[in-house]
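J.: Take this structure, written in structure tokens, and hold onto it; I'll ask about it next.
The values are calculated or read from the model by the stated rules, or taken from the named source; none is laboratory data. Just so it is clear, the structure is predicted and the values come from calculations on it, not from any experiment. Note that each Cβ is placed from the backbone with ideal geometry, even for glycine, and that neighbours are counted across all protein chains shown. For the accessible areas, the whole protein counts, side chains as well, though only heavy atoms, and no ligand, DNA or RNA atoms are used. Shrake-Rupley method; radii C 1.70, N 1.55, O 1.52, S 1.80 Å.
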Amino acid sequence: QVQLVESGGGLVQAGDSLRLSCAASGLNFRWYVTGWFRQAPGKEREFVAAISSSGDSRYKEDSVKGRFAISRDNAKNTVYLQMNSLKPDDTAVYYCAVSGIVTDIPGRYNYWGRGTQVAVSS
């Protein structure tokens with residue numbers, strides 16, 4: 001059974017940092033692309049970042065590139081999302097998911113975690 005478990009969310013102030021983790025089990029994790037998405041109340045789920053099996057990464061261009069960094073540790077079956085200089089607009093539930101390709105389309109991801117809440121106060 002495939003499981004993805006996110007952790008590391010919390011309530012922080014604007015300008016603070018958080019590191020989210022996505023721990024995977026039940027699949028050959030090292031061969032999959034892992035993506036991070038987020039969903040704010042009343043909004044659609046949006047792509048944040050993705051990392052390939054070889055470590056190539058892609059980011060949501062406008063608001064997170066330069067502040068967020070995705071990385072993976074295949075030995076630990078874990079992908080991380082380092083989030084710096086957090087803004088109130090970053091407030092959302094953050095989800096990790098796995099896919100066979102690097103893409104920003106949620107429907108192309110096969111398995112999803114349950115999410116971790118990030119709240120940024122001004």
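J.: Report the gain in length on full extension from LEU11 to ASN110: 0.36 nm times residue separation, minus Cα-Cα distance, nm rounded to one decimal.
T.: On the way: separation 99, 0.36 × 99 = 35.64 nm, distance 2.90 nm.
Gain in length upon complete extension: 32.7 nm.
J.: Enter the accessible area per residue of the chain (Å², integer; probe 1.4 Å; all protein chains in place).
T.: For the chain, the per-residue accessible area is 52 Å².
J.: Within 10 Å of each candidate Cβ there may be at most 15 other Cβ atoms; applying that plus a DSSP loop requirement, which GluC sites (Glu not before Pro) in the stretch 1-47 survive? Could the numbers behind the result be given before it?
T.: On the way: sites: GLU6, GLU44, GLU46; in loops: GLU44.
In loop regions of the stretch 1-47 (DSSP not H, G, I, E or B), the sparsely surrounded GluC sites (Glu not before Pro) are GLU44.
J.: Counting only protein heavy atoms, what percent of the accessible surface of the chain is carbon or sulfur at a 1.4 Å probe?
T.: About 43 percent, which is the carbon plus sulfur part of the accessible surface.
J.: Run the numbers for ARG19 and ARG67: contour at 0.36 nm per residue of separation, minus the present Cα-Cα distance, in nm.
T.: That works out to 16.1 nm of additional length.
J.: Apply the Karplus parameterisation 6.51 cos²θ - 1.76 cosθ + 1.60, with θ equal to phi minus 60°, to every residue of the stretch 101-108 and state each ³J(HN,Hα) to the nearest whole Hz, in sequence, with x for glycine and proline.
T.: Values, residue by residue: 9, 7, 8, 9, 9, x, x, 8 Hz.
J.: If the chain between ARG45 and ASN74 were fully stretched, how many nm would it gain, using 0.36 nm times the residue separation less the Cα-Cα distance?
T.: Here the segment from ARG45 to ASN74 would lengthen by 7.8 nm.
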